[in-house]
Structures are given as structure tokens and as C-alpha cells.
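Values in this text are rule-based calculations from the coordinates and carry no lab data. Quick caveat: nothing in here was measured; it's all calculated off a predicted structure. As a convention, Cβ positions derive from the backbone with ideal geometry for all residues, glycine included, and neighbour counts pool all protein chains shown.
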Amino acid sequence: MNTIKLTTAQALVKFLDNQYVEFDGEESKFIEGIFTIFGHGNVLGLGQALEEKTHNLKVYQGRNEQGMAHAATAFAKQNNRKKIIACTSSVGPGAANMVTAAATATANRIPLLLFPGDTFASRQPDPVLQQIEQFHSLAISTNDVFKPVSKYWDKINRPEQLMTALLNAMRVLTDPVNTGAVTIALPQDVQGENYEYPYEFFKKRIHRIERTLPTDFMIKDAIEAIKSAKKPMLICGGGVKYSEAEEVFKEFSEIFNIPFGETQAGKGAISSDHNMNLGGLGTTGNLAANRIAKDTDLVIGIGTRYTDFTTSSKWIFQNPHVKFLNINIAGFDSQKLDGIKVTADAGKTLKKLTNELKDSYRSEYKSEVRDVKDLWEKEWSRLTNITYNDNFIPEVRGLDHVLEEFKKDTNSSLTQTKVLGILNKNLENSIIVGAAGSLPGDLQRMWKTRGENDYHVEYGYSCMGYEISGALGVKIAEPTKEVYALVGDGSYQMLHSELVTSIQENKKINIILMDNMAFGCINNLQIGNGMGSFGTEFRYRNEETGNLDGELIPIDFAMNARSYGCKTYSVKNEKELLEAIEDSKKQTVSTLIDIKVLPKTMTDGYDSWWHVGNASVSDNEKIKKAYEISKQEEKKIKKY
């Protein structure tokens, strides 16, 4: 067998550069590049291999390990899991920084390939810089913490182990059922050790992403369920996008007169103005979707994980005879809610069902869908025209007294829902990115998509700090479109390091930062369940009380981003917002629009509920009441 002498790291790079995927006969390169933050644990091994430039991988320089891994996740998500960017860090803290991103990718079923540096396999210099020593086992390193959040984990203690590890990595990364984070730990001494690798190992490999076909029995069960339903409802999950089944899903809805609600992952697959699109469903759903969900007798979940926000903690479907028909490539998901299982590709299954049912079925909806859509449109119009006045009542009650304080401190009285309406109208040919805080709820309810994969919200892990890093990943994936990260002040403070990388790479992203001086959505949660405002507003410590209930902390986020080289805007009224939006479109560098929005002016719940951990014992009457309400609502939930 012909061989080539390479270091472990050189062999790794050579292999990565020759991986391709094929989907529906279309072939494309799978690994586009690699994000790097070099340290002593990877620079002389993997760093040296990348420097030799005997490959076509694009090398990116990250600023924060979690941030760059979020960018890689967003890149893969925007490419419907058919392209990835790998990531490498040094040993110890650099590696640990990627754990959150690994969990985010795995929770969302997005492929993410990580190569954290590791301690010496030989153990000769132990304890090496940044090594953790566990007295009961010298085999443990920081990288063991990746095991619970990875779909495949390995450590290369000998150069020849690389071959089986990488083949298994590709198996998982290209498997739509089992994909997620893949972690391959690279001890720093082994990276530089050599081996006579077979040339055959580096041949071009094409990993075919197959469409799993439904069995005849699955189709039979599905047809029986649909034919017996009078008012079924579809759920458009992320699997519709990954299956590239948007058109067949839309056709199925139209032919059989079945309305659909959207999950966060599925939103953007079909235009919001489609006559059967009810919009966001569940805890952060709107009035239209949640009203239809309450009475539906058959839920047809397409590519959805049925998270608690989609089902309102299994509460939203109140029809006592409701059944669930689950079309999902993952058996783990197709069996949820004790549903009828169709463990198969969304696109192929819907085509098969359409052919079998097209002459024999139509739902019994008459004007109900149009009526609830009209009702929500009126509410949407109200939300987008809310302005502050002397008799103002915020959408979410509990901190009414703070509004005047905020207005005085910021000279702004903009409401969050009106700002979103202005943005939605003026951000054409663009992609929005979100993840955490009150904004994902507002976006799922209010944002009108154009059905062009223009809505990118990470809500499987709802990871604060994903937004800006994610926007960079989306921009790398879609360089011709404007990309907007919609982020709160809390998430911005948590992580915005890859803003610098966007400038370095000349990948313009736009940050829409809504500053309400609080962790606003969690403040809503605590006040809505009987607590006071505790530890969620951004206030100075009060010397008299000893608590964090002093003056509000003013932060000039525009100044911060300007220091990195961004074009920035400070917005305190509608005129300034419109001017900032239009001027930002003319820029070639990344931009940030710092918008001061009144607290409690986000959307509130619409015929929904969320099961949270209320305190069962308290002297506070409001908390006692919240607990009793929760116990009453629990009587309405599906138990499993």
C-alpha cells in the first residue's frame, strides 16, 4: 500500500480538505474552512499544518472560542447543515470556552466540528500549562467535559488513531438524524508526531445525505389519521428547511386546506403572507396560531422537536380528542407525545401523502383560518403603532414607575414593538439573526418573513451571545445579503467579540441593539410569577439598602462598537431610527444601531402558558397565588 509520511496534524488537514457531501444528486464541498485561536496547545501542531498551505481550507481568526464556534454553527445552520467550518482552540480554558457552543449545536441538531488541544499523551511534562490534575485519574483533561454535549467524542493518543476517528466524525456530521457537535481532542505532542498514512485515506470522499423513505405501513397510518380529522393543523419545524421541503409543504397545506403554525427553526420556510400561515405557535406564539391549536383534532408535526415553547409545555392543544402525527427522520422525535410515527424524510413523505390523498380529503375549515389571521393582523397593527403618552399602559405590567425614569435618563420613549414594525418594513433582501431575551418571542410573533430562509433564530438552546457571532456565520454563508443581528443589551454584554472578526474579514454585519437596561424577559418572568424586580435590572448598588436598586446604569453601546471600527448610530426617536437604517445600508463596514427602548414594551402572551418552577412555599401572597394558578393550569396539560 502506498503511504505518505505526515504529522497527525498535517494528515488531519489533508483529510478535511477532501470531504464532500451529495444531496439529491448535487455535490458540494463539506468543510469550507477552520476558525482558529492559537495557543501552546495547537499552534505548533495544527497551526503548522495549516500554515503550510497545501490545502484549500480558509483559515479564520476568532476572538473568543465560544464566539467563533457559534459563528461556525450559524454557518452550518444557514447552509441547511450541508457545509461546515471547523474550529480549533488551545488546551484548557480555550477548549472549555467552546463547550457552550458545542451544547448549542447539539441541542439544535447542527453539525459542528471541534478540535480542542489537549495535554501531552506521553504525560512527560505533567502538569503542563493549563492542565487540570485529578488525583484519581491522570487520563482526565478539560476536554472530557465535551462528552455530554457532543454526538461523537474522541481523543487521538496515537497518530494512527486519527483515521478511524475522522471517519466516524464524518459519519455523525453528515447524518441528519444524529448530527450535532463532534469533538476530537488533540494532545499537543501527538499533533506533531508522524505516521506513514495510506494515500487512499486522503482520497476524495462523497458523503451522500440520503432521504429516508416512509414505509407503506407508515403511510397507511398517516392517511387514516388525516382522513379521520376534521380540523387538522400542521407544524412547520426546522426539518422542513433541512429537507428542502418548503414547496411540497406549502402545496400540501394548500391542497388539503390545512393551516400551519411555525416553530422558531421552521419560521422563514414559507412566507408569512401565505393564506395558510398562522405564524408562530406556542408560548411565544401569536393569537392566530394559538387559537387554531386550541381546538385542532390532529396535529401534524413536520420536522419538529416539540419543545416546551412549541407546545406551551404540552398545554396548548386543548381538544380532548387531539391526536399527533409526527413526520420526522429521527425516531426519537417521531414518537413524542405518543404520536403516530412516520420516521422518514419530510419532503418524500409529504409528496407520498399528497398523491394518496389529493382526490379524497379536504379539511372542514371554512372561514376560521381567515378570521383568526385577520384578528392577528389587527393586533399586529396595534403593536406596531404603540407610542408613549401621559396615560401609557405598557404591554407587560409590573414596572410602570420605571418608564419615566428611563425616559428621563435616555431621552427616548421608543417602544420595542413599534421599533420592530419599522425594522420589518425597511430591512428588505436581508436575513435577521436572534437567540435570546425578549426579542425571539417578539420576532416569532411579529416578524413577517418573505419565505427566503431569511429568519435565523437559534432557540433550541437560546444561547445569549449567539446573535452577533451567528450573524458573522450567516454572512459568510450568504455574502450578498444584508445580515442583521437583533440583540438585547444583556446578550451584547455577554458576547460580541466576533464583531471584530467581521471587520477583519470585511464581512459586513449589522447589529440592531435594543437597550432597555435589563434582562427584560426574565424580569417579566419573575414579576409575572409574584416576585419583585430582583437582580434583573441593570442598576448601581445602592449604598443605603446594600442592594442593586440604585440608579439605572447608562451604557453607550455605540461608542463601544465604534472603538472596534464599526459605523454606529445612537437612536432615541423614530426619525433617527429611519435615518440610521438607511445610512447603514450604504456602509461597507459592520454597523451598530444603539436603540433605547422603553422597558415592558415587548409583546406579552397570547392564549399561551409556560410551565415553570414556581415556589410552593412563601410568605408572599403573590407568589402563593402564582403557585396556585400554575397548579390549576397543570390539570390541562398532556402528561407525556
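Show me the three semi-axes of the equivalent ellipsoid for the range 513-640, from the C-alpha gyration tensor (sqrt of 5 times each eigenvalue), largest first, rounded to whole Å.
Details: eigenvalues 289, 90, 25 Å².
For the range 513-640, the ellipsoid semi-axes come out as 38, 21, 11 Å.
In debye to the nearest 20, how big a dipole does the chain give about its Cα centre with +1 on each Lys and Arg Cβ and -1 on each Asp and Glu Cβ? Let's see the in-between values first.
Working: 76 positive and 82 negative charges, 272 e Å.
My answer is approximately 1300 debye.
For the range 55-119, what does the alpha-carbon gyration tensor say about shape, rounded, prolate or oblate, given a ≥ b ≥ c as the root eigenvalues, a/c under 1.5 as rounded, and a/b over b/c as prolate? The partial results should precede the final answer.
Details: a/c = 1.99, a/b = 1.28, b/c = 1.55.
Note, shape of the range 55-119 comes out oblate.
Going toward the positive end of the dipole of the chain, with +1 on Lys and Arg Cβ and -1 on Asp and Glu Cβ, which of 169, 422, 255 do you reach last?
The one lying farthest along the dipole's positive direction is 255.
Give me the number: length gained by fully extending residue 335 to residue 617, i.e. 0.36 nm times residue separation minus the C-alpha to C-alpha distance, one decimal in nm. Kindly include the intermediate steps, with their values, before the conclusion.
Details: separation 282, 0.36 × 282 = 101.52 nm, distance 3.63 nm.
Here the answer is 97.9 nm.
Can you give the local net charge around residue 185? Use residues other than it whose beta-carbon is closer than 12 angstrom to its beta-carbon, Lys and Arg +1, Asp and Glu -1. Mind dumping the intermediate values first?
On the way: positive: 147, 155; negative: 118, 144, 154.
Here the charged neighbours net out to -1.
Place +1 on the Cβ of every Lys and Arg and -1 on the Cβ of every Asp and Glu in the range 282-355, take the dipole about the Cα centre, and give the residue among 354, 304, 289 whose Cα lies farthest towards its positive end.
354
Once the other residues with Cβ under 15 Å from the Cβ of residue 195 are scored (Lys, Arg +1; Asp, Glu -1), what is the net sum? Present the calculation step by step, with values, prior to reporting the outcome.
Details: positive: 5, 14, 158; negative: 160, 189, 193, 196, 200.
It works out to a net charge of -2.
Per DSSP H run of at least 4 residues, take -39500 (n - 2.57); add these up for the chain, divide by its residues and hand me the 222 nm value, nearest 500 deg cm²/dmol.
Numbers: 25 runs with 227 residues, N = 640.
The helix-only estimate for the chain comes to -10000 deg cm²/dmol at 222 nm.
Apply the a/c threshold of 1.5 to the C-alpha gyration tensor of the chain and tell me whether it is rounded, prolate or oblate.
oblate
What are the residues whose amide H is under 5 Å from the amide H of residue 325, where those residues sit 5 or more places off or on another chain and H is modelled from the backbone?
So residue 325 has HN proximity to 299, 300, 301, 340.
Stretch residue 559-residue 26 to full length: gain in nm at 0.36 nm per residue minus the Cα-Cα span? Show your work: numbers first, answer last.
On the way: separation 533, 0.36 × 533 = 191.88 nm, distance 4.61 nm.
Using 0.36 nm per residue and subtracting the Cα-Cα distance, I get 187.3 nm.
Across the range 471-482, in residue order, what do the Karplus-derived ³J(HN,Hα) couplings come to in whole Hz, using 6.51 cos²θ - 1.76 cosθ + 1.60 with θ = phi - 60° and x for Gly and Pro?
4, 4, x, 5, 5, 4, 6, 10, x, 8, 9, 6
Karplus couplings for the range 136-144 from phi (6.51 cos²θ - 1.76 cosθ + 1.60, θ = phi - 60°), rounded to Hz, Gly and Pro as x?
With coefficients 6.51, -1.76 and 1.60, one gets 8, 7, 7, 7, 7, 9, 3, 5, 5 Hz.
With a point put 7 Å past each Cα toward its Cβ, work out how far residue 639 is from residue 385 in nm, to one decimal.
My value for the distance between the label points is 4.9 nm.
Using alpha carbon centroids, what distance separates the range 526-597 and the range 441-468, in Å?
20 Å
Could you work out the relative contact order of the range 241-290, using alpha carbon pairs under 8 angstrom and six or more residues apart, expressed as a whole percent?
Working: 52 pairs, mean separation 15.0, N = 50.
Contact order relative to length: 30 percent.
In nm, what is the difference between 0.36 nm times the number of residues separating residue 401 and residue 295 and their Cα-Cα distance? Intermediate results must be reported in sequence, preceding the final value.
Numbers: separation 106, 0.36 × 106 = 38.16 nm, distance 3.91 nm.
Full extension from residue 401 to residue 295 adds 34.2 nm.
Restricting to the chain, what percent of DSSP beta bridges are antiparallel, rounded to 5?
Numbers: 12 of 80 bridges.
The answer is about 15 percent antiparallel.
Separation between the residue 164 and residue 625 pseudo-spin-labels, each 7 Å from Cα along Cα→Cβ, expressed in nm?
My value for the distance between the label points is 6.4 nm.
List the extent of the Cα atoms of the range 503-570 along each of their three principal axes, largest first, rounded to whole Å.
Result, largest extent first: 47, 28, 19 Å.
For the range 337-400, what's the radius of gyration and Dmax over Cα atoms, in angstrom?
Computed over the Cα atoms of the range 337-400, radius of gyration and Dmax are 21.6, 60 Å.
Suppose R0 equals 51 Å. What FRET efficiency, 1/(1 + (r/R0)^6) with r the Cβ-Cβ distance, do residue 540 and residue 199 give to the nearest 0.05?
Numbers: r = 65 Å, r/R0 = 1.28.
So the FRET efficiency works out to roughly 0.20.
Set the Förster distance to 41 Å, then compute FRET efficiency between residue 548 and residue 377 from the Cβ-Cβ distance, nearest 0.05.
On the way: r = 41 Å, r/R0 = 1.00.
Rounded to the nearest 0.05, the efficiency is 0.50.
So which of 230/250; 58/267; 220/250; 58/586; 220/323; 267/635 end up more than 24 Å apart by C-alpha?
Details: 230/250 19 Å; 58/267 31 Å; 220/250 22 Å; 58/586 28 Å; 220/323 16 Å; 267/635 30 Å.
Too far apart for the 24 Å limit: 58/267; 58/586; 267/635.
Count charges around residue 218 for me, please; just the other residues with Cβ under 10 Å from its Cβ, Lys/Arg as +1, Asp/Glu as -1.
Values: positive: 220, 341, 352; negative: 216, 221.
Around residue 218, the surrounding residues sum to +1.
Suppose R0 equals 51 Å. What FRET efficiency, 1/(1 + (r/R0)^6) with r the Cβ-Cβ distance, do residue 207 and residue 134 give to the nearest 0.05? Present the calculation step by step, with values, prior to reporting the outcome.
Details: r = 37 Å, r/R0 = 0.72.
Given R0 = 51 Å and the Cβ-Cβ separation, E is 0.85.
Give a residue-ordered list of calculated ³J(HN,Hα) values for the range 76-93 (Karplus: 6.51 cos²θ - 1.76 cosθ + 1.60, θ = phi - 60°; whole Hz; x for Gly, Pro).
Coupling constants for the range 76-93: 5, 4, 5, 8, 6, 6, 9, 9, 9, 10, 7, 9, 9, 9, 7, 7, x, x Hz.
Filter the cross-link list 151/631; 341/366; 481/600; 82/204; 227/314 down to pairs whose alpha-carbon distance in this structure exceeds 27 Å.
On the way: 151/631 37 Å; 341/366 29 Å; 481/600 32 Å; 82/204 16 Å; 227/314 24 Å.
Violating the 27 Å limit, Cα to Cα: 151/631; 341/366; 481/600.
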